[in-house]
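Working notes, structure below.
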Amino acid sequence: MRLRIFQVDAFTDRLFGGNPAAVCPLEDWLPDATMQAIAAENNLAETAFFVPDGEGYALRWFTPTVEVDLCGHATLAAAFVLFELLQPGRVRVDFRTLKAGILTVVKAAGERLAMDLPSRPGKPVAASAGLSAALGRAPAQLLAARDHLAIYDSAAEVAALRPDLAALAQLDCMAVIATAPGENGIDFVSRFFAPKQGIPEDPVTGSAHCTLVPYWAERLGKTRLQARQISPRGGALDCTLKGDQVTLAGRAVLYLDGIISV
């Protein structure tokens, strides 16, 4: 079987920036084991698969080791493939997902794509000695949602983190987000570590902002925020809190358009 595959750098306006995602359009679902094997072969943070579903598409995401409940950058990448390559002229798509509901992506101004994701506010919890040791520095505050949100006082502290990934993988959470106030027009910065899911450090993580945005919106007293994920590749997100939804907008760049044999 020969399948089309794309690789897109999401949340960036330059090639080799942002977060690379593979996108594999399908007519019908492949066996889960086959999709997982394709994602492992791609060895990217996520591979998105979608199939026609009414006027929209059903969408699923796989890391190299597991299927995940939500992935923002691969959703943005899937919409980019539809809008720019498969259905030029299309400006909106609704993706039906297994656990995150309907995710809508639209073309916005300035070649940006904007998508709505569910808000996932965190609740304060005590930072364990194990988490602080795994991160290499105790956070000033810790919140828990799907992921743990470790809050620091400065962007420099977040940038300097050199976590023990093996220790992080033993924690009772899907992933750990580290965040702090930003500088020079950036409201907040973050990094994202998910070694338990086969992702040591994710370059730019849309789903993490489902927890980041409600926290920073309340703390800073505004609903429109500029965010930057300060991984080595880096990425920029224009974020808006709208009730129980988070809208994330960013650009994407095509890296690869090819065929795989399965």
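The values are calculated or read from the model by the stated rules, or taken from the named source; none is laboratory data. As the structure is a prediction and not an experimental result, all values here were calculated from the model. All Cβ positions, glycine included, derive from the backbone under ideal geometry; neighbour counts span all protein chains shown.
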Requested in this report: Return a yes/no flag: does the range 202-210 have any residue that is outside the structural domain of Thr75 (by TED's automatic domain parsing), in contact (Cβ under 8 Å) with a residue 60 or more places away in the chain and aliphatic (A, V, I, L, M).
Outcome: yes
Query raised in the report: Among Arg90, Arg120, which is of a type in the set (D, E, K, R), under 15 Å from Tyr57 (Cα atoms) and in contact with a helix residue (DSSP H, G or I) (Cβ under 9 Å, 6 or more places away or on another chain)?
Result: Arg90
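Please go through the range 164-206 and pick out each residue that is in a strand (DSSP E or B) and β-branched (Val, Ile, Thr).
Selection gives Val176, Ile177, Thr179, Val189, Ile199.
When only residues in the range 207-232 that are among the basic types (Lys, Arg) and either at pLDDT below 95 or part of a strand (DSSP E or B) (or both) count, which is surrounded by the fewest Cβ atoms within 10 Å (Cβ to Cβ)?
Here is the first cut: in the range 207-232, the ones among the basic types (Lys, Arg) are 219, 222, 224, 228.
Add one more test, that the residue is either at pLDDT below 95 or part of a strand (DSSP E or B) (or both), and what stays is 224, 228.
Working: Arg224: 13, Arg228: 21.
Checking each candidate, the answer is Arg224.
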Report summary line: Inside the range 233-245, the number of residues satisfying the requirement of being in contact with a Pro (Cβ under 7 Å, 6 or more places away or on another chain) and not in a loop (DSSP other than H, G, I, E, B) is 3
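Does Lys196 satisfy being out of contact with any Pro (no Cβ under 8 Å at 6 or more places or on another chain), in the same structural domain as His148 (by TED's automatic domain parsing) and over 18 Å from Leu248 (Cβ atoms)? Give the derivation first.
Values: out of contact with any Pro (no Cβ under 8 Å at 6 or more places or on another chain): yes; in the same structural domain as His148 (by TED's automatic domain parsing): yes; over 18 Å from Leu248 (Cβ atoms): yes.
Criteria met by Lys196.
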Query - Flag if Phe188 is in contact with a helix residue (DSSP H, G or I) (Cβ under 6 Å, 6 or more places away or on another chain) and buried (at least 20 other Cβ atoms within 10 Å of the Cβ) - result: yes
Report task. For the range 135-161, name all the residues that are in contact (Cβ under 8 Å) with a residue 40 or more places away in the chain and farther than 30 Å from Arg96 by Cα. Result -> Leu135, Ile151, Ala155, Val158, Ala159
Report task. Kindly check whether there is at least one residue in the range 4-27 that is acidic (Asp, Glu), closer than 17 Å to Glu201 by Cα, in a strand (DSSP E or B) and in contact with a Cys (Cβ under 7 Å, 6 or more places away or on another chain). Result -> no
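Taking the options Ala58, Ala127, Ala160, name whichever one is at pLDDT 95 or above, buried (at least 16 other Cβ atoms within 10 Å of the Cβ) and not basic (Lys, Arg).
On the way: Ala127 fails: at pLDDT 95 or above; Ala160 fails: buried (at least 16 other Cβ atoms within 10 Å of the Cβ).
Matching residue, one of Ala58, Ala127, Ala160: Ala58.
Could you grab me the full set of residues in the range 90-107 that are assigned to a loop (DSSP other than H, G, I, E, B) and touching a Phe, Trp or Tyr at 6+ places or on another chain (Cβ under 8 Å)? Give the steps one after another, and end with the answer.
So in the range 90-107, the residues assigned to a loop (DSSP other than H, G, I, E, B) come out as 90-91, 97-101.
Result: Arg90, Val91.
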Query - Selected residue (criterion: nearest to Pro232 (Cα to Cα)) from residues of the range 1-55 that are within 19 Å of the chain's Cα centre (by Cα) and of a type in the set (Ser, Thr, Tyr) - result: Thr12
Report task. Would you mind telling me which numbered condition in (1) within 23 Å of Val8 (Cα to Cα); (2) surrounded by 14 or more Cβ atoms within 10 Å (Cβ to Cβ); (3) out of contact with any Asp or Glu (no Cβ under 6 Å at 6 or more places or on another chain) Leu165 fails? Result -> (1)
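Suppose we filter Phe6, Phe16 for residues that are within 19 Å of Ser231 (Cα to Cα), in contact (Cβ under 8 Å) with a residue 24 or more places away in the chain and among the aromatic types (Phe, Trp, Tyr); which single one remains? Walk me through how you get there before you give the answer.
Working: Phe6 fails: within 19 Å of Ser231 (Cα to Cα).
Criteria check complete, one pass: Phe16.
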